[in-house]
1. Working only within the range 90-113, note down all residues that are under 24 Å from G161 (Cβ atoms), in contact with a Lys or Arg (Cβ under 9 Å, 6 or more places away or on another chain) and crowded, with 19+ Cβ neighbours inside 10 Å.
2. Could you give me the residue pairs with C-beta distances under 8 Å whose first residue belongs to the range 53-70 and is more than 22 Å from N113 (Cβ to Cβ) and away from the ligand (no atom under 16 Å from the Cβ), whose second residue is assigned to a loop (DSSP other than H, G, I, E, B) and modelled with pLDDT of 95 or more wherever it lies, and which are 6+ apart or on separate chains?
3. Checking the condition of a type in the set (A, V, I, L, M, F, W, C), over 30 Å from E11 (Cα atoms) and without any contact (Cβ under 8 Å) to a residue 60 or more places away in the chain, which residue from F84, F122, F114 passes?
4. Any chance the range 192-204 includes a residue that's under 21 Å from Y34 (Cα atoms) and either in contact (Cβ under 8 Å) with a residue 60 or more places away in the chain or surrounded by 13 or more Cβ atoms within 10 Å (Cβ to Cβ) (or both)?
5. Can you tell me which residues in the range 31-47 are touching a residue at least 40 places away in the same chain (Cβ under 8 Å), surrounded by fewer than 18 Cβ atoms within 10 Å (Cβ to Cβ) and more than 11 Å from the ligand (Cβ to nearest atom)?
6. Just one of Q120, Q135, Q171 is farther than 22 Å from F84 by Cα and either within 17 Å of the chain's Cα centre (by Cα) or hydrophobic (A, V, I, L, M, F, W, C) (or both); which is it?
7. Considering only the range 1-57, how many residues are under 30 Å from Q208 (Cβ atoms), at pLDDT 95 or above and not β-branched (V, I, T)?
8. Note down all Cβ pairs under 6 Å where the first residue falls in the range 4-30 and is under 19 Å from I75 (Cα atoms) and part of a helix (DSSP H, G or I), the second is among the small types (G, A, S) and more than 8 Å from the ligand (Cβ to nearest atom), and they're at least six residues apart or on different chains.
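The values are calculated or read from the model by the stated rules, or taken from the named source; none is laboratory data. Model, not experiment: these values are computed from the prediction. Methodologically, a virtual Cβ is constructed for each residue, glycine included, from the backbone with ideal geometry; neighbour enumeration extends over all protein chains shown.
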Amino acid sequence: MAKEAVEDESEFYSKAERYWKAVPATVDGMLGGYGHISSLDIASSRAFLLRFLKEGPTRTGTSLALDCGAGIGRISKRLLLPLFRAVDLVDVTEGFLDQARAFLGEDARRVRNFFCCGLQDFSPEPGAYDLIWIQWVIGHLTDEHLTAFLKRCRQGLRPNGLIVIKDNMAQEGVVLDDVDSSVCRGLDVVLGLVRRAGLRLLAQEQQQGFPDEIYHVHTLAMR
Ligand SMILES: C[S@@+](CC[C@H](N)C(=O)[O-])C[C@H]1O[C@@H](n2cnc3c(N)ncnc32)[C@H](O)[C@@H]1O
């Protein structure tokens, strides 16, 4: 449980905010110095997502996506804006959202909102989103806040809408990172929180081809 790893909740959040404020607003900054894995990450995410966007009675729509913990918009630029008519970004670090406007270039016009907010305090507009993409940020939320956020995301979905979590998974249990003030949970722990939020798992995949020394990364689709 992250509860045991996180001793002081308000310090857990404020320390993370301080950490990200000092990180360069670049792709490399978003990926902790692993900027070179961005293209493979996006290509795998695109293949994962496309199966849900295919024609059919349960096809996920392509009107509006929400990029959670969006940073400078790395995922919005290469994955979401090419597939969705409009995108909203939410991140706690104002400087990253400022940079996103420039980083997204022309396509920034199709960003409906840049929300500067911690996910623990953010409520997606009910019934608004075809896709809610949550990548490399769940470790910054406590178990209770993550479960509650996922419940609010569920309310934020349109019919056939989808929530995707893509994140690092620990081999087992929960590992605290005292530098960026986050936790890395085991896959079974994350799946437990997903269930607790009342979500049903639709697909699950382990990212292939990332460097051996980093955590395993899993992509989970749910609604
Ligand atoms: C590892 S970066 C990932 C950025 C983006 N998802 C990507 O993959 O390129 C983590 C991001 O989470 C943001 N973040 C950290 N804590 C957050 C919180 N409590 N709520 C929302 N965003 C948060 C940081 O500002 C940073 O942009």
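1. Answer for the range 90-113, where residues must be under 24 Å from G161 (Cβ atoms), in contact with a Lys or Arg (Cβ under 9 Å, 6 or more places away or on another chain) and crowded, with 19+ Cβ neighbours inside 10 Å: A100, L104, V111.
2. L53/R59; L53/T60; L53/T62; L53/L83
3. F84
4. No, that holds for no residue.
5. L40
6. Q120
7. 29
8. If the second residue must be among the small types (G, A, S) and more than 8 Å from the ligand (Cβ to nearest atom), the pairs left are V27/G35; D28/G35.
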